[in-house]
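For reference, the structure is listed below as structure tokens.
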Amino acid sequence: MRALDGLTETGARVSIHVSDLDREIVVLAGDDFVTYPVAGLGSVPILIETAAGVRDGRLDPDARVARESVVPAVAGGLWQRMHAQTLRVADLAALSAETGDPLATNALLGMVGLDAVRNRLVSMGFTRLAVLDGYRDVRGPDDAPHMAVGTTRDLARLMTLIVNGQVVDATVSAQVGEWLTRSNDLSLVGSATGLDPSAHDDDRHGLLFLNRTGHDDGVRSEAGVIAGPRAGVAYAMTVCFDDLSMAHRLRVHDAFRTFGVDLMEYVY
């Protein structure tokens, strides 16, 4: 908590929520009702709608999408560097979940539709969690100001529903959970787990970890689940800050890592 207090003293806005999965109690909460931009965490609802579309037969997991047909977003990602000009829907979902690939995420959003993603969130009772747009390199006056916004309370609840098999149904929940278990961004909370970023879905010490992160100018956000032999928690943390120097940015990252250490101590 001292690390979080230090962030707020510098003018950063911090929102945090932690729930115990077994006891169904709130372990920690701070401004968890405030809506902030969450950047790439918007990919989680897109993945949910993708899995639901495959389950319903509206999407063919083997259908191929051409890269040239996707809204461009060249700031990061693997697909733009690959020789493959087309990818299967199933591969796009894997890229989006595991690496946060912007082009892959935009391709999925183009297939399922923004309205369907929004309606899905509303149907699940998420009134303060919304996907506004896909990834964009530059946001003009006619574009949504952020890819996604949400509260940490809603983000932690969404992760709880995923691991409990309650997002749409057990099949959809299992598929989304499998995708997120392979997420390789361990730069924030995940850095405290000691897991291999590229292979941590079957940890020898019995640690269950799934997460998705959001990175944008002045925004860091993460939501996920950590479960060990003593307890399991769903968590979400968002920090909005003035990215004025490397010191400002590293202070935020250090707070996420300290938070991760606290969560590891709780579940072990």
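Looking at the structure I just gave you, is Asp22 surrounded by fewer than 23 Cβ atoms within 10 Å (Cβ to Cβ), in contact with a strand residue (DSSP E or B) (Cβ under 8 Å, 6 or more places away or on another chain) and of a type in the set (Asp, Glu)? Criteria met by Asp22.
Restricting attention to the range 214-258, the residues that are touching a Phe, Trp or Tyr at 6+ places or on another chain (Cβ under 9 Å), surrounded by fewer than 23 Cβ atoms within 10 Å (Cβ to Cβ) and among the small types (Gly, Ala, Ser) total 4. Just one of (1) out of contact with any strand residue (DSSP E or B) (no Cβ under 8 Å at 6 or more places or on another chain); (2) touching a residue at least 12 places away in the same chain (Cβ under 8 Å) fails for Glu9. It is (2). Taking the stated definitions as given, is Val267 β-branched (Val, Ile, Thr), more than 17 Å from the chain's Cα centre (by Cα) and at negative phi? Yes.
When the test is whether a residue is surrounded by 20 or more Cβ atoms within 10 Å (Cβ to Cβ), of a type outside the set (Lys, Arg) and touching a helix residue (DSSP H, G or I) at 6+ places or on another chain (Cβ under 6 Å), Asn211 passes it. Elements of the type helices (runs of 4 or more DSSP H) sitting completely within the range 63-165 and holding at least 1 residues that are surrounded by fewer than 18 Cβ atoms within 10 Å (Cβ to Cβ): these cover 89-99, 102-112, 114-123. Taking each residue of the range 95-113 that is within 16 Å of His215 (Cα to Cα) and free of Cβ contacts under 8 Å to residues at least 40 places away in the same chain and looking for partners that are in a helix (DSSP H, G or I) and among the aromatic types (Phe, Trp, Tyr) with beta-carbon atoms closer than 7 Å, six or more apart or interchain, yields Asp101/Trp79; Leu103/Trp79.
Determine whether the range 186-194 contains at least one residue that is in a loop (DSSP other than H, G, I, E, B), surrounded by fewer than 17 Cβ atoms within 10 Å (Cβ to Cβ) and at pLDDT 95 or above.
Applying the first criterion (in a loop (DSSP other than H, G, I, E, B)) to the range 186-194 yields 186-188, 194.
From the residues that got through so far, the ones that are surrounded by fewer than 17 Cβ atoms within 10 Å (Cβ to Cβ) too are 187, 194.
Then drop every residue that is not at pLDDT 95 or above, which leaves 187.
Yes, that holds for at least one residue.
The values are calculated or read from the model by the stated rules, or taken from the named source; none is laboratory data. Just so we're clear, the structure is a prediction, and the values are computed from it rather than from any experiment. Using ideal geometry, Cβ is built from the backbone for each residue, glycine included, and neighbour counts are taken over all protein chains shown.
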